[in-house]
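This report concerns only the one structure given below.
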Amino acid sequence: TRVLGDVVFENVDFGYTEGKIVLHDVALYAKPGQKIAFVGSTGAGKTTITNLINRFYPIMDGKIRYDGININKIHKSDLRQSLGIVLQDTHLFTGTVAENIRYGKLDATDEEVIKAAKLANADGFIQHLPEGYNSILTGDGGSLSQGQRQLLAIARAAIANPPVLILDEATSSIDTRTEAIVQQGMDRLMEGRTVFVIAHRLSTVKNSDVIMVLEQGRIIEKGSHNDLIMQKGKYYQLYTG
Ligand code: DGT
Ligand code: MG
């Protein structure tokens, strides 16, 4: 059974080590298809929240629920199938382009691989590789540009069709044209899914349904871009200051 993508945190406290709490009383409500952005300075707890959505660690206090079901009661394989992750630097392994995309769904057909690549905007550059989808990648995809690696990461996430997505946007800049291609692939990937994004681009943040501003493990502001601009608090400072 796959989850629909309703994710709730109730009064969540968490620390990696005993005695040092890094998330305090975090509340969060994501409806299926909503886009939630996390912003805040380094060490604020953005990655930690996504770690908990993934159940990489047990929480100390509070509740995390998927579709109303306690996260601890969800079978590991169901949770894994429900979650897609696109990280800043995706690990590519030695193997063909197709194999690297299929990693997101091991039993995917060739047609599914191509469909995912097209959705991700990766099909174009793949067609131009000497062996197309059968081109061998070595050295963690070292022969590809950063943008191309991101497109493969998007294809890999898309092929599994997960209801919930976690994105950690790249901070490093790629050229404007590539950026537009990556953004379009990303927009298609996000369509219809619950998305948690550690956002670095203002465009991503602005388009989110809810922006959560974190500071030292607490959510200090939440709302839409317009709400938070009107509030003239931390978010306003971050993005206009
Ligand atoms: P970033 O990525 O630099 O913008 O920062 P965030 O917002 O992603 O921060 P995060 O969640 O990585 O760290 C929050 C706090 O937790 C910070 O004090 C560092 C600490 N922390 C993060 N990961 C670990 C870990 O694996 N073990 C321990 N002991 N502490 C960690
Ligand atoms: Mg982080």
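The values are calculated or read from the model by the stated rules, or taken from the named source; none is laboratory data. Keep in mind that this is a model prediction, so the values were computed, not measured. Glycine gets a Cβ as well: all are built from the backbone with ideal geometry, and neighbour counts include every protein chain shown. These accessible areas exclude ligands, DNA and RNA; they are computed on the full protein's heavy atoms, side chains included. Shrake-Rupley method; radii C 1.70, N 1.55, O 1.52, S 1.80 Å.
Counted residue by residue at 0.36 nm each, then reduced by the alpha carbon distance between them, the extension gain from Thr240 to Glu191 reaches 14.8 nm. When you filter the chymotrypsin sites (Phe, Trp or Tyr not before Pro) in the stretch 24-109 for DSSP loop state and at most 15 other Cβ atoms inside 10 Å of their Cβ, you are left with Phe56, Phe93. Helix hunt in the chain: which complete DSSP H runs extend at least 18 Å axially by C-alpha with mean Kyte-Doolittle at least -1.0? Span-like helices, by this rule, are 146-159, 176-190.
Peptides 214-220, 195-201 ranked from most to least packed, by the mean per-residue count of other Cβ atoms within 10 Å: 195-201, 214-220.
Remark: the stretch 8-22, residue by residue, has Karplus-estimated 3J(HN,Hα) of 10, 10, 10, 6, 7, 10, 8, x, 6, 10, 4, x, 10, 7, 10 Hz, where x stands for each Gly or Pro and the curve is 6.51 cos²θ - 1.76 cosθ + 1.60 at θ = phi - 60°. Probing with 1.4 Å while keeping every protein chain in the model, the per residue accessible area of the stretch 178-241 equals 50 Å². Relative to one another, the C-alpha centroids of the stretch 76-101 and the stretch 211-230 are positioned 30 Å apart. For Ile159, the shell of other residues with beta-carbons less than 9 Å away shows a net charge of +3, using +1 for Lys and Arg and -1 for Asp and Glu.
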